[in-house]
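Chemist: Starting off with a structure, shown below.
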Amino acid sequence: MQYILTQAEYDALRAEQMVNLTASKDELQKLCTTAAKHIPVSLPWAPRRAPVPWGCILDPATQPVYCDECPAQAICPHDGKEWSQ
């Protein structure tokens, strides 16, 4: 079944979708930042260093330079990730 929407109805649906998407993205970013600040990681290029949390580039308290070793890098929604390579 198909529905024909007016432009106003379509705009209202899109606006609601964007609000939900933004809320989900913000919540995911908070979870990724928390994971980066608390999950200890081992560094392959520093095998003698004890595992410690990497931190997040968005958190001024930890402020690592790169996202390379972040445990949440695969799912992090941040658009401005920094890589060392």
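The values are calculated or read from the model by the stated rules, or taken from the named source; none is laboratory data. Predicted model, so just to flag it, every value in this text is computed and none were measured. So basically every Cβ, Gly included, is an ideal-geometry build from the backbone, and we count neighbours across all protein chains shown.
Chemist: List every residue pair whose Cβ atoms sit under 7 Å apart, with the two residues 6 or more apart in sequence or on different chains, where the first one lies in region 1-30 and is under 30 Å from Q73 (Cα atoms) and the second, anywhere, is among the basic types (K, R) and at pLDDT 85 or above.
Modeler: As it stands, the answer is none, since no pair meets every condition given.
Chemist: Here are A50, A8: which of them is exposed (fewer than 10 other Cβ atoms within 10 Å of the Cβ) and not in a loop (DSSP other than H, G, I, E, B)?
Modeler: A8
Chemist: State all residues of region 55-84 that are more than 24 Å from S24 (Cβ to Cβ) and in contact with an Asp or Glu (Cβ under 8 Å, 6 or more places away or on another chain); if no residue qualifies, say none.
Modeler: Within region 55-84, V65, Y66, W83, S84 meet the criteria.
Chemist: Return yes when I57 is in a loop (DSSP other than H, G, I, E, B), among the β-branched types (V, I, T) and surrounded by 11 or more Cβ atoms within 10 Å (Cβ to Cβ) and no when it is not.
Modeler: Judged against the criteria, I57 is a match.
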